[in-house]
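The values are calculated or read from the model by the stated rules, or taken from the named source; none is laboratory data. Just so it is clear, the structure is predicted and the values come from calculations on it, not from any experiment. Cβ atoms come from the backbone with ideal geometry, glycine included; neighbour counts cover every protein chain shown. When the accessible area is computed, the model is the full protein with side chains, heavy atoms only, and any ligands, DNA or RNA have been set aside. Shrake-Rupley method; radii C 1.70, N 1.55, O 1.52, S 1.80 Å.
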Amino acid sequence: MKVILNVDVKSLGEEGDVKNVANGYARNFLLPRNLAVPYNDATVAYFETRKAEIEARKEQKRKDSASLKEKLEANAVEIFMPAAANGKLYGAVTTHVVAETLAKLGYDIERKRIDMAGIAIKTVGNYKISIKLYEAQVAEVQLAVKAQAATKEDAAPAEEKKAAEEKTEENKAE
């Protein structure tokens, strides 16, 4: 069935695109949710009148994507993870961890758009990751994975806990 999309639909297309989809997908999902309209002369004429508006929105998305690309490429992203002395991480840096770190920095990027060379990063070092933006734009981001430094604040609770355990054992012995 041929439809025209009313809004952007992930993995299908953008507003105003004409797509050929399965009848059931159109009838049961797209049409009831007003994500698309059937392709006919009336809907084609309606979308022709909105063509300038749709193109203006797409151009704005391109500009926003270009500025986001510049911001991402200008700054290196640092992730601190617990690591052994040899530089091997106790966990792994995945797209989920990178997305959370970017969110803390103020970038709202889905983890599905983040492309890492391997499946996960498991050692300390500098890496290059790709983030897919709008259309064919891709931002190459420098990612620095660093070992999390053990601070006195981290060590203090452990020492207090150990002292409390020793006192408990002494009390039991008495």
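Checking the conditions here, which among 53, 73 is over 14 Å from residue 137 (Cβ atoms) and either open to solvent by 80 Å² or more (accessible area, probe 1.4 Å) or assigned to a helix (DSSP H, G or I) (or both)? Can you show your working first?
Numbers: 73 fails: over 14 Å from residue 137 (Cβ atoms).
Being over 14 Å from residue 137 (Cβ atoms) and either open to solvent by 80 Å² or more (accessible area, probe 1.4 Å) or assigned to a helix (DSSP H, G or I) (or both) holds for just one of 53, 73, which is 53.
If you go through the stretch 86-109 and pick out every residue that is at pLDDT below 85, open to solvent by 40 Å² or more (accessible area, probe 1.4 Å) and of a type in the set (Gly, Ala, Ser), you end up with 1. Exactly one residue out of 13, 24 is among the small types (Gly, Ala, Ser) and surrounded by fewer than 14 Cβ atoms within 10 Å (Cβ to Cβ), and it is 24. Taking the numbered list (1) assigned to a helix (DSSP H, G or I); (2) within 30 Å of residue 91 (Cβ to Cβ); (3) open to solvent by 80 Å² or more (accessible area, probe 1.4 Å) in turn, residue 80 passes all entries but (1). Within the stretch 110-124, track down each residue that is surrounded by 11 or more Cβ atoms within 10 Å (Cβ to Cβ) and farther than 14 Å from residue 73 by Cα. If the condition is that a residue be surrounded by 11 or more Cβ atoms within 10 Å (Cβ to Cβ) and farther than 14 Å from residue 73 by Cα, then 110, 111, 113, 115, 116, 120, 121, 122, 123, 124 are the ones that fit. Taking first residues from the stretch 60-73 that are more than 18 Å from residue 14 (Cβ to Cβ) and partners that are open to solvent by less than 70 Å² (accessible area, probe 1.4 Å) and of a type in the set (A, V, I, L, M, F, W, C), the Cβ contacts under 7 Å between residues at least 6 apart in sequence or on separate chains come to 69/133; 69/139; 72/131; 72/139; 72/141; 73/139; 73/141.
Restricting attention to the stretch 85-126, and to residues there that are of a type in the set (Val, Ile, Thr) and not in a strand (DSSP E or B), which single residue is nearest to residue 69 (Cα to Cα)?
Filtering the stretch 85-126 for residues of a type in the set (Val, Ile, Thr) gives 93-95, 97-98, 101, 109, 114, 119, 121, 123-124.
From what is left, the residues that are not in a strand (DSSP E or B) are 94-95, 97-98, 101, 109, 119, 124.
On the way: 94: 21, 95: 18, 97: 20, 98: 16, 101: 17, 109: 12, 119: 23, 124: 25 Å.
Residue satisfying both the conditions and the ranking: 109.
All conditions in (1) open to solvent by 80 Å² or more (accessible area, probe 1.4 Å); (2) assigned to a helix (DSSP H, G or I); (3) under 14 Å from residue 7 (Cβ atoms); (4) of a type outside the set (A, V, I, L, M, F, W, C) hold for residue 60, with the sole exception of (3).
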